1. What accessible area, in Å² to the nearest ten, does a 1.4 Å probe give for residue 112?
2. Rounded to the nearest 10 Å², what accessible area does residue 278 have for a 1.4 Å probe in the complete protein model?
3. Tell me, what is a quarter of the convex hull surface for the C-alpha atoms of the range 147-246, in nm² with one decimal?
4. What do you get for trypsin sites (Lys or Arg not before Pro) in the range 218-264 restricted to DSSP loop and a cutoff of at most 12 other Cβ within 10 Å of the site's Cβ?
5. Checking the table 219/293; 102/124; 75/219; 53/102; 102/293; 124/263 against a 23 Å threshold on Cα-Cα, which pairs fail?
6. Heavy atoms of the protein only, probe of 1.4 Å, neighbouring chains included. What is the accessible area of residue 283 in Å², nearest 10?
7. Using a Förster radius of 25 Å, what is the FRET efficiency between residue 295 and residue 83 based on their Cβ-Cβ separation? Nearest 0.05, please.
8. Sequence gap at least 6, Cα distance under 8 Å: using those rules, report the relative contact order of the range 187-281 to the nearest whole percent.
Amino acid sequence: MHWRQNLTHLILASVVALSLMPLMVVVDAQAQIAFVSNRDGNYEIYVMDADGKNQRRITHNRHQDRHPSWSPDGKRIAFTNLTEWHFLPLNADIYVIDADGKNQQRLTNGPFSEWDPSWSPDGKIAFTYSNEENWAFDPGRIYVIDADGGNQRRLTNDRLPEWQPSWSPDGTRIAFTSSGGGRFQRIYVMDADGGNQERLASGDPFSFDSYPAWSPDGKRIVFVSQRDENLDIYVMDADGENPRRLTRNPAHDWSPSWSPDGKRIVFVSQRDGNHEIYVMNADGARLVRRLTKDHNDDLDPAWFTPALAAEIAPFAVAPAGKKLTMWGWFKQVDK
């Protein structure tokens with residue numbers, strides 16, 4: 001009798017598992033890295049698998065496309081379209097496009113420049129606004145808009161330049177870079193409404209710290225600094241304590257982005273002679289590999305975080321390895 005019950009339970013479990021098979025997700029198949037390249041003659045947005053394979057171009061615009069940022073569900077990418085760089089991006093606006101390159105939409109259309117978008121976990125987009133014609137009084141401030149381009153509002157109002165916004169994983173805070181009149185750059189954090197701005201600790205009062213990015217668990221912030229005379233990647237606690245240098249290559253390393261499981265960091269480096277995208281362990285102990293191998297520039301990597309999409313989609317994603325996870329449960333039958 002017991003073996004018949006066990007066989008029945010096994011058959012039922014198999015049927016349920018097969019019915020849920022379409023909901024299973026292999027993380028490595030979903031993890032994507034957006035980046036920028038001028039390999040086709042103009043800076044455009046590209047997407048590749050997390051191992052560097054399957055690189056494909058998704059924008060085809062006359063002007064430069066930079067600064068990709070994934071939507072929380074991974075379906076769209078926000079980016080900057082600009083005419084040229086002249087200390088600041090000129091004639092820049094924020095656009096969004098489907099991850100497959102379809103349905104491009106312009107979100108901002110101001111008289112000056114809106115750039116550096118960063119998508120929040122709940123679907124808003126923070127960005128930098130700068131008035132290149134009146135830099136002394138309007139050098140760069142952090143704004144936020146809804147994903148459809150509406151409800152634009154300013155978050156910072158300092159006379160010093162502020163840029164590179166980065167949302168915390170819970171959407172309650174924003175890290176950003178602030179400049180002290182060209183003498184130094186420091187990382188700040190503020191509430192999502194712009195309140196409670198706080199400067200994070202720095203080992204050097206005149207250090208150049210920039211490119212902040214929160215770890216997926218919200219406990220750390222990776223950033224770029226020249227405090228040791230070279231442009232290297234560092235990591236610190238979210239309160240600014242315990243800064244630690246991760247890269248020690250004579251070449252410049254910058255533009256870091258976390259992997260979904262927080263175990264790896266993708267970044268840009270010139271260590272092989274031109275701008276390429278690399279990935280390393282989050283402790284900096286080992287360089288895993290170079291992901292792009294093109295004689296042109298590859299820049300601005302942004303790693304899509306499927307863990308955020310799992311909160312929206314009807315399935316869960318295990319961020320480490322190739323583990324499979326499903327919503328649902330099997331009720332244990334009393335024997």
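The values are calculated or read from the model by the stated rules, or taken from the named source; none is laboratory data. Source: prediction; values computed, not measured. Quick reminder, even Gly has a Cβ in these numbers, built from the backbone with ideal geometry, and neighbours come from all protein chains shown. These area figures cover heavy atoms from the full protein model, side chains too; ligands, DNA and RNA do not enter into them. Shrake-Rupley method; radii C 1.70, N 1.55, O 1.52, S 1.80 Å.
1. Accessible area of residue 112: about 40 Å².
2. Per-residue accessible area (residue 278): approximately 0 Å².
3. 6.8 nm²
4. Filter output for the range 218-264: 219, 248.
5. Flagged as over cut-off: 219/293; 75/219; 102/293; 124/263.
6. 80 Å²
7. 0.50
8. 18 percent
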